[in-house]
Every structure is written in structure tokens, then in C-alpha cells.
Amino acid sequence: MKRTYIKELKNKKGEEVKIAGWVDVRRDHGKIIFIDLRDMSGKVQMVALPNHKEAHEAAGKVRSEWVLEIIGQVNQRPEKMINKDEELGEVELEITEIKVLNEAATPVFEISNNGREVNEETRLAHRYLDLRRNRLQKNLRMRHEVIRFFENYLSDKNFTEIETPLLTKSTPEGARDFVVPSRLYNGKFYALPQSPQQYKQLLMAAGMEKYFQIAKCLRDEDTRGDRQPEFTQLDLEMSFVEQKDVMNLVEEMLIKMIKKLYPQKKIQQIPFPVLTHKEAMEKYNSDKPDLRKDKNNSNLLAFCWVIDFPFFEKDKNGGWTFIHNPFSAPKSEHMEMLMKKENIGEILTTQYDIALNGFEAGGGSVRNHKTEALEKVFEIMGFEKEKIWQDFGHMLKAFSSGTPPHGGIALGLDRLMMILQNEPNIREVIAFPKTGDVRDPMMDSPSEISKEQLAELGIQIKKFNK
């Protein structure tokens, strides 16, 4: 007999079916034993009656989280027994046969509730149990739906989904790199990408014109706030575009996604309001302002664009550094100041950020696509010409090969899902997140590696006191 998913039982009344799943709750009333069984599609109440002797005896032994295969008949519940709060509250399964596929140790915490009362360290140490919760299952399934919508939307707009490498080169882009030692080239290291920024621009140089990727980004940052060392972006880049082209595409995509997947939510203003960085700071003292008129309404979404960011700011040593990334182009009317390295603090960039309910939901820019313009950015930051070509020679050579004007954006999927699912932090919408201090208590990582591995890599560990 073929397995039936639980959600399909409402269409199988009077039929004999086989289902499989986990014991959610078991209630023993003596002669009658009730078991709630759940699978990926839903939950159903089952009943074991004494007239099915073997099944009744087996039902008396099962416990929460045991994995069962059940054969039984789908019955309509009596009118007074219908549970209107449950999707399958009008039916129950009369058990005729129970097969135990796996027993389970007593869970370390309750799984049938939302889990918010459980210590997060404990939850993450037993994440495979924690993820069985209905709330987290919904979060991950909605994350899948949102990603699928983006992939379909962009594919229909003639974008090509392209994977970029996870082993790349360490270059000064702002955050600290995670580095990977090379066994074949002792003393040399790969870096894990902080973003696909350079690769996606190289794809524009390669003539792909429209690229996107659900991209993993890795940054070795000090622990602060609601950050993760690895996070996920919807990353895209387009050739032959201006700022408004990218903004219009992303705005339309977000509006259509929310209308389809989150019809219960209201977007406060369409089209999204656009603020200059100066306006946002003067009026809201934030470059990611929360424009909601009613901050108590969890289904209100207030998007806005912030543009005209300063390109450079002073660093702690009194020199210049970029505010967003060094690959942005200045506004066209400020290109001359960049090339002459004049009035540096007044140069505005083509950067555009999208804010949502007080969070930065994404950011992008039109890029420098000419070698001499990118060189000037690094010169302003104090890089010697030799160092510029050492770190970014691949980009400069590509730009001199006939690279078109291009621009793009990266949307933070974790943060977007956190807001859409009304969760307090991004760890609730990531399958296997790290703790606030960047550990995985389930896998016990980071961990030491063997002396043999270290020797093979030519690495010697030197312990130091923090």
C-alpha cells in the first residue's frame, strides 16, 4: 500500500490508508487510546480501539516522538467532536495496524509548543529536535517558497542562476575574511567569500548580462547583535542599467512576492518612498528608518529606499575608507571629483539601500566599470599602485577588456524572512544557526583538528590569551 500524506486524509473518508510520521501526543483513556501523528504535511488524531487487539496493545507502548507506520480507516468525526482549530479536525484515523519504525528517547524539551521558553543553547544543541516544531517547520517551508518565488521571477526576466566559488582570494573588502589553508601550496591560503561581489562583476565582464544566485556569504566578524558568521543573500547583477532599473525590478519583485505568499500583510506605501541619506539622517537619525505609521501592527510592512550615500568617510587613522564597498560608482556628476581626488568627503555614490521596518533589507549600487575609476578609489584609500594590482589586478584587467556599465543588489534573505515570519531574530529562520558567540553546540564547533592534519598543512598552533 502506498503511503498517504496526512494532509490528504480529508479527501480519503471511508478509505483504508497507510500513513507514517512522529507521535506528537499520546492520550491513554484505558479502553480507548488517542495518538496524534504528524508528518511534513500536517497532524491527525488517531484512535486505537480494543477490537483491533494487536494495534491496541502496540498503541499502549508507544511514546512521544516514536516514528510509526500506521494502517487504518479514515472516519468522519461526530459533529460534536470536530476540532475547528485543526486543519484535519473533522476526521480521525481508526488504527488497524501499527509498525514501529524507530523508538525515541524522551525529548529534552517539549516539542509540541513554540519553544520560546527553552534556553537557546539547549535548543541549538538539539536542533534536530527543535526543528520538529510546527513554528520552525513553517519558517523553513516559507523560506523555501520565498526563494522559489525569487528564482522563478528572475528566471522569467531572463536572469541566469550561476554559482560562484567558495574558495577565493583574500582581498580588503571591509570585514575580516575566513581563511582556508592550502595543502598543496603550503603557506598560502584561500578565503571564503564575504559576498560574490567580485565574481558577479566578472560575470558582467563575461557578457552574461543578467545573473542571480542564492549565495552564502561568510564574514569573520566580532560577535555583535543579531549577526551570523554565515548568512544568505539573494544576489543579482545586471548590465546596461542605471540606478532606477535595479530599484524598479527589486521593488516589483518584492511587491508581487508579498501579495502572493503573504496576502495577510499590508505594504504601507507603493511605490516605495525614496529618501536621500541626508534626509534620512536629519529626519530619522537612521539610514534604515522605520516608517511604519503603526509599529504595533505586525502585518504592516514599510519599505523605503535610501540613496545618495557619501562614498567615503574618515577611518580611525585619519585616512579615507569606503562606506559600503569600493566597487560602487560615484554619481555621474561627481565622477570628476573622484578622478581628480578632490572634495573627497563630498563625493556621493550610486549606492541604494532598501529598508524595511527599521532594518536594512538589502543594498546595492551601480558599479565602476572602468579600470581608471576603480584605481582612483583605492588610491584615495591610500593604496600604492603595486598593492592595488596585487589585490585587484583581476578586476582591473577585466574592466579594461570591454566591461559594460552594470549594477546590482543583494537582499538579506535571513533578515527578510525574520520580518515576514514575525520572528525576533534571524536564528529562528535559519536551519542550523550559530549561537550569539559563534558556536554550534550541536556539532561542537569550532573544534580542534589533529596533529596530523596540522602537519599536512604546515601549520603550527600558537595559543594566546585574549
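The values are calculated or read from the model by the stated rules, or taken from the named source; none is laboratory data. For clarity, every value in this text was computed on a predicted model and none was experimentally measured. For neighbour counting, all protein chains shown are included, and Cβ atoms are generated from backbone atoms with ideal geometry for every residue, glycine included. Ligands, DNA and RNA are excluded from the accessible area calculation, which covers all protein heavy atoms including side chains. Shrake-Rupley method; radii C 1.70, N 1.55, O 1.52, S 1.80 Å.
Could you tell me whether any residue of the range 198-206 is part of a loop (DSSP other than H, G, I, E, B), open to solvent by 20 Å² or more (accessible area, probe 1.4 Å) and either of a type outside the set (G, A, S) or under 17 Å from H394 (Cβ atoms) (or both)?
Going residue by residue through the range 198-206, those that are part of a loop (DSSP other than H, G, I, E, B) are 206.
Next, from what is left, pick out any that are open to solvent by 20 Å² or more (accessible area, probe 1.4 Å): 206.
Pick out the ones that are also either of a type outside the set (G, A, S) or under 17 Å from H394 (Cβ atoms) (or both) and you get 206.
Looking for residues that are part of a loop (DSSP other than H, G, I, E, B), open to solvent by 20 Å² or more (accessible area, probe 1.4 Å) and either of a type outside the set (G, A, S) or under 17 Å from H394 (Cβ atoms) (or both), one finds at least one in the range 198-206, hence yes.
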key: Among (1) open to solvent by 10 Å² or more (accessible area, probe 1.4 Å); (2) touching a Ser or Thr at 6+ places or on another chain (Cβ under 6 Å), the one test that P330 misses   = (1)
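Does L396 count as in a helix (DSSP H, G or I) and under 33 Å from the mean Cα position of the chain (by Cα)? Give the steps one after another, and end with the answer.
On the way: in a helix (DSSP H, G or I): yes; under 33 Å from the mean Cα position of the chain (by Cα): yes.
Spelling it out, L396 is indeed in a helix (DSSP H, G or I) and under 33 Å from the mean Cα position of the chain (by Cα).
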request  = Determine if the range 386-402 includes at least one residue that is under 19 Å from L275 (Cβ atoms), crowded, with 21+ Cβ neighbours inside 10 Å and not acidic (D, E).
outcome  = no
request  = Being under 38 Å from the mean Cα position of the chain (by Cα) and either at pLDDT below 95 or farther than 21 Å from K2 by Cα (or both) narrows it down to one of H126, H52, so name that one.
outcome  = H126
task = Spot the failing condition for E110; the list is (1) surrounded by 12 or more Cβ atoms within 10 Å (Cβ to Cβ); (2) free of Cβ contacts under 8 Å to residues at least 40 places away in the same chain; (3) more than 36 Å from the chain's Cα centre (by Cα), and only one is missed.
result = (3)
key: Only listed residue being modelled with pLDDT of 95 or more, open to solvent by 20 Å² or more (accessible area, probe 1.4 Å) and among the aromatic types (F, W, Y), chosen from F383, F359   = F359
key: Cross-chain or 6+ apart pairs with Cβ under 7 Å, the range 334-355 first and within 30 Å of Q268 (Cβ to Cβ), then open to solvent by 40 Å² or more (accessible area, probe 1.4 Å) and among the polar types (S, T, N, Q)   = T350/Q243; Y352/Q243
note = Reported set for the range 403-451 where residues are hydrophobic (A, V, I, L, M, F, W, C), out of contact with any strand residue (DSSP E or B) (no Cβ under 9 Å at 6 or more places or on another chain) and open to solvent by 20 Å² or more (accessible area, probe 1.4 Å) is A431, V438, M442, M443, I449
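Just to be sure before I move on: is K31 modelled with pLDDT of 95 or more and either of a type in the set (S, T, Y) or open to solvent by 50 Å² or more (accessible area, probe 1.4 Å) (or both) in the structure I sent?
Details: modelled with pLDDT of 95 or more: no; either of a type in the set (S, T, Y) or open to solvent by 50 Å² or more (accessible area, probe 1.4 Å) (or both): yes.
Spelling it out, it is not the case that K31 is modelled with pLDDT of 95 or more and either of a type in the set (S, T, Y) or open to solvent by 50 Å² or more (accessible area, probe 1.4 Å) (or both).
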Residue identified as open to solvent by 30 Å² or more (accessible area, probe 1.4 Å), closer than 22 Å to N325 by Cα and touching an Asp or Glu at 6+ places or on another chain (Cβ under 9 Å) among K244, K216 = K216
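For the range 319-361, which residues satisfy the criterion of being on the phi > 0 side of the Ramachandran plot and small (G, A, S)? It would help to see each step written out before you state the result.
Taking the range 319-361 and keeping what is on the phi > 0 side of the Ramachandran plot, we get 341, 343, 357-358.
G358, the sole residue that qualifies.
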query = So, of the residues in the range 219-241 that are under 28 Å from G393 (Cβ atoms) and among the polar types (S, T, N, Q), which turns out to be surrounded by the fewest Cβ atoms within 10 Å (Cβ to Cβ)?
reply = S239
remark   = Over the range 268-299, the set of residues over 30 Å from I347 (Cβ atoms) and under 21 Å from the mean Cα position of the chain (by Cα) is S298, N299
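Give the residue, chosen from K12, K43, K61, K18, that is touching a strand residue (DSSP E or B) at 6+ places or on another chain (Cβ under 9 Å), crowded, with 18+ Cβ neighbours inside 10 Å and either among the basic types (K, R) or at pLDDT below 95 (or both).
Details: K12 fails: crowded, with 18+ Cβ neighbours inside 10 Å; K61 fails: crowded, with 18+ Cβ neighbours inside 10 Å; K18 fails: crowded, with 18+ Cβ neighbours inside 10 Å.
Just one listed residue meets the conditions, K43.
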message = Quick check on my filter: what residues within the range 67-92 are within 19 Å of G14 (Cβ to Cβ) and more than 38 Å from the chain's Cα centre (by Cα)?
response = I71, G72, Q73, V74, N75, Q76, R77, P78, E79, M81, I82
ask   = Going through the range 261-294 one residue at a time, which ones are open to solvent by 40 Å² or more (accessible area, probe 1.4 Å), assigned to a strand (DSSP E or B) and under 22 Å from R143 (Cα atoms)?
value = K266
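Could you tell me whether any residue of the range 316-326 is out of contact with any Phe, Trp or Tyr (no Cβ under 7 Å at 6 or more places or on another chain) and open to solvent by 60 Å² or more (accessible area, probe 1.4 Å)? Walk me through how you get there before you give the answer.
Of the residues in the range 316-326, the ones out of contact with any Phe, Trp or Tyr (no Cβ under 7 Å at 6 or more places or on another chain) are 316-319, 325.
This time we only want the ones that are open to solvent by 60 Å² or more (accessible area, probe 1.4 Å), so: 316-317.
There is at least one residue in the range 316-326 that is out of contact with any Phe, Trp or Tyr (no Cβ under 7 Å at 6 or more places or on another chain) and open to solvent by 60 Å² or more (accessible area, probe 1.4 Å).
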note = Considering the range 114-161, residues that are β-branched (V, I, T) and within 30 Å of S64 (Cβ to Cβ), and then whichever is most open to solvent (accessible area, probe 1.4 Å), we arrive at T122
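Kindly evaluate G364 against the criterion of being small (G, A, S), within 30 Å of H277 (Cα to Cα), within 18 Å of the chain's Cα centre (by Cα) and crowded, with 16+ Cβ neighbours inside 10 Å. Talk me through it step by step, then tell me what you get.
Numbers: small (G, A, S): yes; within 30 Å of H277 (Cα to Cα): yes; within 18 Å of the chain's Cα centre (by Cα): yes; crowded, with 16+ Cβ neighbours inside 10 Å: yes.
In short, yes.
Is there a residue in the range 190-197 that is open to solvent by less than 50 Å² (accessible area, probe 1.4 Å), of a type in the set (A, V, I, L, M), over 28 Å from E237 (Cβ atoms) and within 18 Å of the chain's Cα centre (by Cα)?
We begin by selecting, within the range 190-197, every residue open to solvent by less than 50 Å² (accessible area, probe 1.4 Å); these are 191-197.
Narrowing the set further to residues that are of a type in the set (A, V, I, L, M) leaves 191-192.
Filter once more, so that each one left must be over 28 Å from E237 (Cβ atoms): none.
Scanning the range 190-197 turns up no residue that is open to solvent by less than 50 Å² (accessible area, probe 1.4 Å), of a type in the set (A, V, I, L, M), over 28 Å from E237 (Cβ atoms) and within 18 Å of the chain's Cα centre (by Cα).
Does K2 fit the bill of being farther than 14 Å from V74 by Cα and open to solvent by 30 Å² or more (accessible area, probe 1.4 Å)? Step through it out loud before you land on a result.
On the way: farther than 14 Å from V74 by Cα: yes; open to solvent by 30 Å² or more (accessible area, probe 1.4 Å): yes.
Spelling it out, K2 is indeed farther than 14 Å from V74 by Cα and open to solvent by 30 Å² or more (accessible area, probe 1.4 Å).
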query = Which residue pairs have Cβ atoms closer than 6 Å, lie 6 or more positions apart in sequence or on different chains, and pair a first residue in the range 51-69 that is farther than 24 Å from P107 by Cβ with a second residue that is part of a loop (DSSP other than H, G, I, E, B)?
reply = H56/P50
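Kindly indicate whether any position in the range 295-307 is open to solvent by 90 Å² or more (accessible area, probe 1.4 Å) and closer than 23 Å to N422 by Cβ.
Residues of the range 295-307 open to solvent by 90 Å² or more (accessible area, probe 1.4 Å): 295-296.
Imposing the further condition that a residue be closer than 23 Å to N422 by Cβ reduces the set to 295-296.
Yes; the residues of the range 295-307 include at least one that is open to solvent by 90 Å² or more (accessible area, probe 1.4 Å) and closer than 23 Å to N422 by Cβ.
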